[in-house]
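First up is the structure itself, then whatever we jot down about it.
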Amino acid sequence: MTDAAFIIVAIDGGAASGKSSSSRTLSDRFHLLHVDTGSFYRAITAELLRIGVPAADLAGVQTAVKHLALGTRVAGRSAQMEIGGRVVPDAEIRTKQVNDNVSHFAAIPEVRNALLAYQRGQADVARTRGFRGVVMEGRDIGSVIFPNADFRFFLHADPEERARRRASEGGQDSIRERDRLDSSRKTAPLACPDGAVSIDSTHLTLAEVVELIAAPIAARLGPL
Ligand code: DC
């Protein structure tokens, strides 16, 4: 963030608020590393369930997360989490079981702590690989992970519209329940951070959302 040519863009919001689509588009447009932190929580959830540690087993979770060997693989412009040298594939992190459990794991402070330095370290991954910056999406990026990010946005949309979007992607996801859990947890709850730009995407197209976010970034970075 001290390097004027390298930018950090934080995009927070609830499930199916348009974060992923807009982050991917921005990543392509400005050559930023795309970091989907929800996929990290999902990968850890899939791994802990695979080794038989449910979220209710707090002591088990606390021990298990200490022993996870986390790495990063860059595929195209996206950062993928490796656990024990293996990327947990999309098919394993987008299951109903993971949808139903991820918010419970994400509410555990030790799980969030295990991911804190890892997420901040994605900026170094991006610098090393020659990206112009990072676009990182999640729930607490502009509040906890990068409170001094160059750009911070918070996306939201009516629950009905978000459920419609998720269903049209073929997803089975109880968005309201996950948002309720994510917003009411004690550690790093989902909320628009002070000073972030709040965008209601209910009646906007993806292109319109992207333009709102891209305009100030383009003004800073200039043409590619
Ligand atoms: O973005 P997503 O729906 O794939 O995220 C999955 C879950 O991970 C979400 O229910 C809450 C959690 N999460 C979080 O707590 N903090 C983040 N920065 C990203 C995701």
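The values are calculated or read from the model by the stated rules, or taken from the named source; none is laboratory data. In this text, all values refer to a predicted model and were calculated from it rather than measured experimentally. Cβ placement follows ideal geometry from the backbone for every residue including glycine, while neighbour counts extend to all protein chains displayed.
Is it fair to say residue 151 is aromatic (Phe, Trp, Tyr) and either without any contact (Cβ under 8 Å) to a residue 12 or more places away in the chain or under 26 Å from residue 175 (Cβ atoms) (or both)?
yes
Before we move on, is residue 73 outside any strand (DSSP E or B) and among the charged types (D, E, K, R)?
Considered against the rule, which asks whether it is outside any strand (DSSP E or B) and among the charged types (D, E, K, R), residue 73 comes out as no.
Within the bounds of the range 28-38, is there any residue that is modelled with pLDDT of 95 or more and out of contact with any helix residue (DSSP H, G or I) (no Cβ under 9 Å at 6 or more places or on another chain)? I'd like the intermediate steps shown before the answer.
So the first thing to find is which residues in the range 28-38 are modelled with pLDDT of 95 or more, and the list is 28-38.
Adding the requirement that they be out of contact with any helix residue (DSSP H, G or I) (no Cβ under 9 Å at 6 or more places or on another chain) leaves 28, 31.
Scanning the range 28-38, I find at least one residue that is modelled with pLDDT of 95 or more and out of contact with any helix residue (DSSP H, G or I) (no Cβ under 9 Å at 6 or more places or on another chain), so the answer is yes.
Which is away from the ligand (no atom under 13 Å from the Cβ), more than 16 Å from the chain's Cα centre (by Cα) and buried (at least 21 other Cβ atoms within 10 Å of the Cβ), of 53, 9, 65, 87?
None of the other options fit; the residue is 65.
Within 16 Å of the ligand (Cβ to nearest atom), outside any loop (DSSP other than H, G, I, E, B), surrounded by fewer than 21 Cβ atoms within 10 Å (Cβ to Cβ) and without any contact (Cβ under 8 Å) to a residue 12 or more places away in the chain: does that describe residue 59?
no
Starting from residues that are under 13 Å from the mean Cα position of the chain (by Cα) and of a type in the set (Lys, Arg), keep the ones in the range 12-50 and report whichever is nearest to residue 151 (Cα to Cα).
The selected residue is 19.
Filter the range 170-217 down to residues that are under 16 Å from residue 156 (Cα atoms) and basic (Lys, Arg) and give me whichever is nearest to the chain's Cα centre (by Cα).
Top of the filtered list is 178.
Give the residue, chosen from 162, 127, that is at pLDDT below 95, more than 10 Å from the ligand (Cβ to nearest atom), in a helix (DSSP H, G or I) and surrounded by 15 or more Cβ atoms within 10 Å (Cβ to Cβ).
Exactly one of 162, 127 is at pLDDT below 95, more than 10 Å from the ligand (Cβ to nearest atom), in a helix (DSSP H, G or I) and surrounded by 15 or more Cβ atoms within 10 Å (Cβ to Cβ), namely 162.
Would you point out which residue out of 128, 205 is of a type in the set (S, T, N, Q), closer than 17 Å to residue 22 by Cβ and free of Cβ contacts under 8 Å to residues at least 60 places away in the same chain?
205 is the lone residue from the list that is of a type in the set (S, T, N, Q), closer than 17 Å to residue 22 by Cβ and free of Cβ contacts under 8 Å to residues at least 60 places away in the same chain.
Considering (1) at pLDDT 90 or above; (2) within 16 Å of the ligand (Cβ to nearest atom); (3) farther than 22 Å from residue 25 by Cβ, say which one residue 190 fails and leave the rest.
(1)
Residues that are crowded, with 18+ Cβ neighbours inside 10 Å and either over 26 Å from residue 8 (Cα atoms) or more than 14 Å from the ligand (Cβ to nearest atom) (or both): does the range 33-42 have at least one?
Yes, because at least one residue in the range 33-42 is crowded, with 18+ Cβ neighbours inside 10 Å and either over 26 Å from residue 8 (Cα atoms) or more than 14 Å from the ligand (Cβ to nearest atom) (or both).
Please state which of the following conditions residue 142 fails to meet, knowing it meets all the rest: (1) at pLDDT 95 or above; (2) within 12 Å of the ligand (Cβ to nearest atom); (3) out of contact with any strand residue (DSSP E or B) (no Cβ under 9 Å at 6 or more places or on another chain); (4) of a type in the set (Gly, Ala, Ser).
If we test residue 142 against (1) at pLDDT 95 or above; (2) within 12 Å of the ligand (Cβ to nearest atom); (3) out of contact with any strand residue (DSSP E or B) (no Cβ under 9 Å at 6 or more places or on another chain); (4) of a type in the set (Gly, Ala, Ser), just (3) comes out false.
Residue 101 versus (1) within 16 Å of the ligand (Cβ to nearest atom); (2) assigned to a helix (DSSP H, G or I); (3) under 23 Å from residue 222 (Cα atoms): which is the lone unmet condition?
Answer for residue 101: the failing condition is (3).
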